[in-house]
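Trainee: What follows is a structure written as structure tokens; I'll ask about it next.
Every number here is computed from the coordinates shown, using simple stated rules; none is lab data. These numbers were taken from a predicted model, which means no experiment stands behind them. Quick reminder, even Gly has a Cβ in these numbers, built from the backbone with ideal geometry, and neighbours come from all protein chains shown.
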Amino acid sequence: MTTISGLIARLGAAVIDGVTRLGTFVLFLLSALFYAILPPYKPRLLIRQIRIIGAESFFLVGLIGLFTGMVLGLQGYNTLRRFGSEGALGTVVALVLVRELGPVLSALMVTARAGSAMAAELGAMQATEQIDALTVMAINPVQYLVSPRVLAGVISFPLLTSLFDVIGIWGGWAIGVKLLGAPNGPFFNGIAHNMSGHDILTGLYKALVFGLVVMWVCCYKGYYAARMATGVSRATTEAVVLSSVLILAWDYFMTSILL
């Protein structure tokens with residue numbers, strides 16, 4: 001009887017702890033969005049974070065987009081050739097990039113580069129009590145540290161996704177048309193006739209949500225990092241893993257809604 005009571009008590013404590021963590025997680029995002037629209041505004045902080053998240057990820061996202069498009073061009077041509085449909089290569093490459101691979105791979109790359117750095121930076125600030133120092137100086141740490149990063153992510157992710165899509169399409173064209181000999185005219189005509197504004201907006205909506213989710217998770221993990229030797233590394237690892245899982249999960253749900 002005592003064992004059963006102990007199991008029930010531990011289960012109850014685990015449920016309460018989980019609900020508390022979830023509530024803190026959601027309130028953290030709401031407070032970041034709330035303080036983002038309240039003065040005083042910090043445009044320099046926002047521009048700095050856009051540079052860190054967006055401009056400094058330009059080369060990485062462009063490189064990954066190029067090779068992704070090249071692989072799609074190679075695989076797509078060899079597959080479509082079996083059915084005599086090489087002219088549809090442009091449509092296949094563009095739709096796959098714009099609707100799925102562009103927003104997902106861009107978000108994963110930025111998470112690995114910028115998201116992990118933000119979690120580590122905030123975790124180090126928490127470990128060295130710099131966040132507490134901001135509070136003592138009457139500076140709201142969420143408004144000063146978190147809100148600019150969240151807004152910068154929402155702005156930067158759709159732009160990086162657009163870059164990924166354009167470079168990926170040109171990479172597919174270089175391999176499919178120039179290297180393998182697919183017809184040049186149908187490549188771009190297929191894109192123009194078969195890709196709609198809904199397809200483009202679907203990818204941009206996903207990128208916007210991914211930007212919000214990644215910055216939310218990475219900032220939260222760093223902001224609440226444990227003040228111990230392994231706190232920063234653990235927070236960084238958890239931020240990258242959780243962000244990657246949420247990106248793929250949200251991609252499925254948004255695809256099922258927007259398809």
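Trainee: Take the stretch 105-119 and flag every residue that is surrounded by 24 or more Cβ atoms within 10 Å (Cβ to Cβ) and under 9 Å from the mean Cα position of the chain (by Cα).
Mentor: Hits for the stretch 105-119 are SER106, ALA107, VAL110, THR111, GLY115.
Trainee: Do any residues in the stretch 79-94 that are among the aliphatic types (A, V, I, L, M) have Cβ atoms under 6 Å from those of residues that are surrounded by 14 or more Cβ atoms within 10 Å (Cβ to Cβ) and not in a helix (DSSP H, G or I), where the two are at least six apart or on different chains, and which pairs are they?
Mentor: Once the first residue is among the aliphatic types (A, V, I, L, M) and sits in the stretch 79-94, its partners that are surrounded by 14 or more Cβ atoms within 10 Å (Cβ to Cβ) and not in a helix (DSSP H, G or I) give LEU89/ALA182; ALA94/MET195.
Trainee: Could we say that SER85 is under 30 Å from the mean Cα position of the chain (by Cα) and either surrounded by 13 or more Cβ atoms within 10 Å (Cβ to Cβ) or of a type in the set (A, V, I, L, M) (or both) here?
Mentor: No, not satisfied.
Trainee: Looking at (1) crowded, with 24+ Cβ neighbours inside 10 Å; (2) within 30 Å of TYR224 (Cα to Cα), can you tell me which one ASP132 breaks?
Mentor: Condition (1) is where ASP132 drops out.
Trainee: Any residue at all in the stretch 36-54 that's touching a Lys or Arg at 6+ places or on another chain (Cβ under 7 Å) and aliphatic (A, V, I, L, M)? Even if it seems obvious, please write down each step before you answer.
Mentor: First, pick out the residues of the stretch 36-54 that are touching a Lys or Arg at 6+ places or on another chain (Cβ under 7 Å): 49.
Then keep just the ones that are aliphatic (A, V, I, L, M); that gives none.
No; the residues of the stretch 36-54 include none that is touching a Lys or Arg at 6+ places or on another chain (Cβ under 7 Å) and aliphatic (A, V, I, L, M).
Trainee: Could you say whether any residue in the stretch 155-174 is of a type in the set (A, V, I, L, M) and at positive phi?
Mentor: Taking every residue of the stretch 155-174 in turn, none turns out to be of a type in the set (A, V, I, L, M) and at positive phi.
Each row is one residue, and each column tells you yes or no for (1) aliphatic (A, V, I, L, M); (2) closer than 10 Å to MET215 by Cβ; (3) in contact with a Ser or Thr (Cβ under 8 Å, 6 or more places away or on another chain).
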{"position": "LEU101", "(1), (2), (3)": "yes, no, yes"}
{"position": "MET109", "(1), (2), (3)": "yes, no, yes"}
{"position": "ALA114", "(1), (2), (3)": "yes, yes, yes"}
{"position": "MET137", "(1), (2), (3)": "yes, no, no"}
{"position": "ILE155", "(1), (2), (3)": "yes, no, no"}
{"position": "PRO158", "(1), (2), (3)": "no, no, no"}
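Trainee: Something else now. Would you mind stating whether ALA88 is part of a helix (DSSP H, G or I) and touching a Ser or Thr at 6+ places or on another chain (Cβ under 8 Å)?
Mentor: no
Table: residues versus (1) surrounded by fewer than 22 Cβ atoms within 10 Å (Cβ to Cβ); (2) within 22 Å of PRO103 (Cα to Cα); (3) not polar (S, T, N, Q).
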| position | (1), (2), (3) |
| --- | --- |
| TRP173 | no, yes, yes |
| ASN189 | yes, no, no |
| ALA192 | yes, yes, yes |
| SER196 | yes, yes, no |
| ALA235 | no, no, yes |
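Trainee: Out of (1) closer than 25 Å to PRO43 by Cα; (2) surrounded by fewer than 18 Cβ atoms within 10 Å (Cβ to Cβ); (3) of a type outside the set (Gly, Ala, Ser), what's the single condition that is false for LEU145?
Mentor: The failed condition is (2).
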